[in-house]
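Remarks on the structure that follows.
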Amino acid sequence: MSAPSPRRWAALALIATAQFIVIMDTSIIGVALPRIQEDLGFSQESLSWVFNAYVVAFGGLLLLGGRLSDLFGARRLFGAGWLILLAGSLVAGIAPEVWIELAGRAVQGVGAALIAPSALTLLMMLFGHDPKELTKALALYGAAAPAGGTAGVFLGGVITEYLSWPWVFYINIPIALAALLATGPLMPAARARRGSVDVAGALTVTGGLGAAVYAIVRAPETGWGSAETWLVLAGAAALLGAFVVVQARRREPLMRLSIFRTPDLAAANLTQLLLGGAWIPMWFFLNLYLQQVLGFSAFPSGAALVPMTVLIMIGMVVLAPRAIGRFGPKAVTVAGLVLLAAGMGWLSLISPDGSFAADVLPASLVAALGMSLAFIPSLGTAISSARPEEGGLASGIVNTGYQVGSALGLAAMTAVATANGAGRLGDLPALTSGFSSAFAGAAGIAVAGALLAALTLRARTPARAEESVTTRT
């Protein structure tokens, strides 16, 4: 075994920064959405694509990113990911039209899909020699995700209010340039491996997910019974079916299908998918309610969500591991999803003449506590259920599931909100009715997640629960 790198802790700072940025890029656009909509001419129902273009590309290509990292070397893919993220951020910032904005966001997602799996591989290469150091490194890496979400919400408000919305994308450029300069000196090199790239698998899964999201978002405008809606949904189903066939037949697939026979792994992944499908619509429509109904400007809107996101970070880093150690991951997952559903049910009671203190703050804190409790144990269960040699594959699958759930959940709740009045800008009662319906629908998704977890996850002893958390944290 080679000696540990003397620069490993500096390298960890860069790896944690990578995790911070790819998560921040999902949340930083939230407060800026109304300004982007106004300047580029997005319709209310198509506005969700500013988020979905990034998430579909990110989630759909994560498995391919992990495979490319194995074949061509994690350091090389890490650098390539930053370069692509930089290019996408530039395009998204200068975009004069809707389609260019969405293209830039999709390119950002491609970059994130290369950065995320290669960053974790590099971490394992740097700290795998010492279990104690590895646990500490993984804890710092894990904390970077909620920190990125928190910073994204607040920075999005500051930047949109005092600069302009393109800077929510431009902020990535100096960070990416610094990361590119530091990658060579800090990151370990690894030999390329022999193997093939499952291009067909990557194209079919990404195309299928994108088509499904597109059909659901467009359905309120074209009609759920229209030929366009059903043809696009049929195309999505065909592409996803083709992905399954390709994975079953290829010698080196992106995702070995038999891995889902592992106890708890499929159940935990479905729980993560439903968690993403519930949480992201809540966050998305809460931003719109604050600005389009309550009249908050960008900075106060971002600041209003800081208590919620800070509680998530504290909950994930401090509360969830302790609760898992005492009650086990199943009980904590179910309790978290129930709290999340309760918070969103509370949010569904919003009114056109409501206030932040009465209508938003308490309900958002309940939802945030639920999210922080449900996320860590379900994620840890999914990863720790796989064989040690397949930990990377399990990590890629569960991250993909969460991103896919986020995109599909937001698409579905956008359709629900639009059908109930959210497309009528300036009509506060109609907007409120639409947003309320989306919160209620997202609460239903969280309830479905809680029932699934309660019925399908196995109970684990506290000792085994702590092992699960250590594997992921």
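The residue list Asn269, Met308, Gly434 was ranked by how far each Cα lies along the charge dipole of the stretch 261-473 toward its positive end, using unit charges on Cβ atoms, and Asn269 comes out on top. Can you work out the Karplus-derived ³J(HN,Hα) for every residue in the stretch 222-234? Use 6.51 cos²θ - 1.76 cosθ + 1.60 with θ = phi - 60°, whole Hz, and x for glycine or proline. 3J(HN,Hα) across the stretch 222-234, in whole Hz: 8, x, 5, x, 6, 4, 4, 4, 6, 5, 5, 5, 5.
Applying the Karplus relation 6.51 cos²θ - 1.76 cosθ + 1.60 with θ = phi - 60° to the stretch 27-44 yields 3J(HN,Hα) values of 9, 5, 7, x, 5, 7, 4, x, 5, 4, 4, 5, 6, 9, x, 5, 6, 4 Hz, where x marks Gly and Pro.
Taking only the C-alpha atoms of the stretch 261-473, the Rg (one decimal) and the largest Cα-Cα distance, Dmax (whole number), read 17.5, 55 Å. Comparing Cα centroids, the stretch 160-183 and the stretch 248-296 end up 27 angstrom apart. Taking amide H as placed 1.01 Å from N in the peptide plane, the amide H of Ile28 sits under 5 Å from none that are at least 5 places away or on another chain.
In terms of its Cα atoms, the stretch 199-251 spans 43, 13, 9 Å along the principal axes, sorted from long to short. Note on the chain: percent of Cα-Cα distances in each 20 Å bin, starting at 0 and stopping at the bin with the largest distance, equals 25, 61, 13, 0. A DSSP coil position with no more than 13 other Cβ atoms inside 10 Å describes the following trypsin sites (Lys or Arg not before Pro) in the stretch 150-258: Arg191, Arg193, Arg194, Arg251.
Dividing the mean sequence gap of close Cα pairs (under 8 Å, 6+ apart) by how many residues the chain holds gives a relative contact order of 22 percent. For the stretch 397-403, putting each phi into the Karplus relation 6.51 cos²θ - 1.76 cosθ + 1.60 with θ = phi - 60° gives couplings of 5, 5, 5, 4, x, 5, 5 Hz, in residue order, rounded to whole numbers and with x for Gly and Pro. Distance from the alpha carbon centroid of the stretch 47-75 to that of the stretch 411-442 works out to 30 angstrom.
Readers should treat all values here as calculations from the given coordinates under stated rules, not as data from a laboratory. Because the structure is predicted, anything quoted here is derived from the model rather than measured. Counting neighbours? That spans all protein chains shown, and the Cβs are built from the backbone with ideal geometry, glycine included.
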